[in-house]
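Structure record follows, encoded as structure tokens.
The values are calculated or read from the model by the stated rules, or taken from the named source; none is laboratory data. In this text the structure is predicted, and so the values were computed from the model without any measurement. Reconstructed Cβ throughout: ideal geometry from the backbone, glycine too, with neighbour counts over all protein chains shown.
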Amino acid sequence: MTKKNTTATLMEMKLRGEKISQLTCYDYTTACLVDKAGINTVLVGDSLGMTMQGYDTTLPVTLDEMIIYGRSVVRGCKNAFVIMDMPFLSYQASAEQALMSAGRLIKETGANAVKLEGGASVTAQIKAITDAGIPVCAHIGMTPQSVNAFGGFKVQGKGEDNARRVLEDALAVQNAGAFMVVLECVPPKLAALITKKVKMITIGIGAGSGCDGQVLVYQDMLGMTDGGTPKFVKRFIEAGELITQAFAEYDREVKSGAFPTEEQTYAKSDCDVEFLSRLDKEY
Ligand code: KIV
């Protein structure tokens, strides 16, 4: 029988050298499927700004919006450990702001942990949240909320100074209390070194296979997204194509009258024909 994933069971997996799976999720139906598949942790990512809301970046997403999506995901996850992303400007201002936002995410969704972006610059926030008993997943390397400062979605940690900075960020968030860290778009050997150096769980996205686990945005790995797929994404199925075909078939059958047939009709509880003919005359 599958057991509920917790910080303790996830840490045991790391210690046993077992890889940890993570997917993003934003709604109840998908959460049920992800949970049934045995995925260890689910991230209600602020990437929902792009995948669910159609923005170009994650920056417009609000705390209230995260809570609405998060609640639905939590209701679908019996075993997966649910992590809520902290959206842009819900934690950067101060440790107090971070604690209040993290508290709302946990209280109002029932999730198990929060995630925030940044390294050494957000250690006061991580400490305040973990001191309140809320597990924190940090996120370093390419942090999408800083896309304007980076000048685009680019690999971080290239060159000696940058690589040292990413490692120091990892150590800083660990010292502040983070139990997990997402390494996004970090050179693979650097990600493997960080994984060796830290006690916390490392989850890679575009960071090679040397991390303790992997995360992908579910629409990317299901092949539901059009346009450029990032190099680190594997499309496990072309679900976008299959879904579009089904929608087009439905459209054709509705228009031709092929749908619905008797099979999809409550024929047994149909009205008496004589009664209907009286109704027809009455009105
Ligand atoms: O918001 C998100 O989905 C993320 C993952 C890509 C790590 O931060």
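Restricting attention to region 18-34, does a residue exist that is surrounded by 19 or more Cβ atoms within 10 Å (Cβ to Cβ), more than 16 Å from the ligand (Cβ to nearest atom) and assigned by TED's automatic domain parsing to the domain that holds Val114? No, every residue in region 18-34 fails to be surrounded by 19 or more Cβ atoms within 10 Å (Cβ to Cβ), more than 16 Å from the ligand (Cβ to nearest atom) and assigned by TED's automatic domain parsing to the domain that holds Val114. For region 75-95, a tally of residues being in contact (Cβ under 8 Å) with a residue 40 or more places away in the chain and either assigned to a helix (DSSP H, G or I) or over 15 Å from Val114 (Cβ atoms) (or both) returns 6. Does Ala191 satisfy the criteria of being more than 30 Å from Glu160 (Cα to Cα) and of a type in the set (A, V, I, L, M, F, W, C)? Judged against the criteria, Ala191 is not a match. Please go through region 37-53 and pick out each residue that is within 15 Å of the ligand (Cβ to nearest atom) and either assigned to a loop (DSSP other than H, G, I, E, B) or closer than 23 Å to Thr7 by Cβ (or both). Ile39, Asn40, Thr41, Val42, Leu43, Val44, Gly45, Asp46, Ser47, Met52, Gln53 - these are the residues of region 37-53 that are within 15 Å of the ligand (Cβ to nearest atom) and either assigned to a loop (DSSP other than H, G, I, E, B) or closer than 23 Å to Thr7 by Cβ (or both).
Filtering region 76-97 down to residues that are of a type in the set (A, V, I, L, M) and touching a strand residue (DSSP E or B) at 6+ places or on another chain (Cβ under 7 Å), which residue is surrounded by the fewest Cβ atoms within 10 Å (Cβ to Cβ)? Selected residue: Val82.
Listed by first and then second residue, the pairs linking a residue in region 131-158 that is more than 30 Å from Thr6 (Cα to Cα) to a residue that is assigned to a loop (DSSP other than H, G, I, E, B) and aromatic (Phe, Trp, Tyr), with Cβ atoms under 9 Å apart and 6 or more places separating them unless they lie on different chains, are Val147/Phe153.
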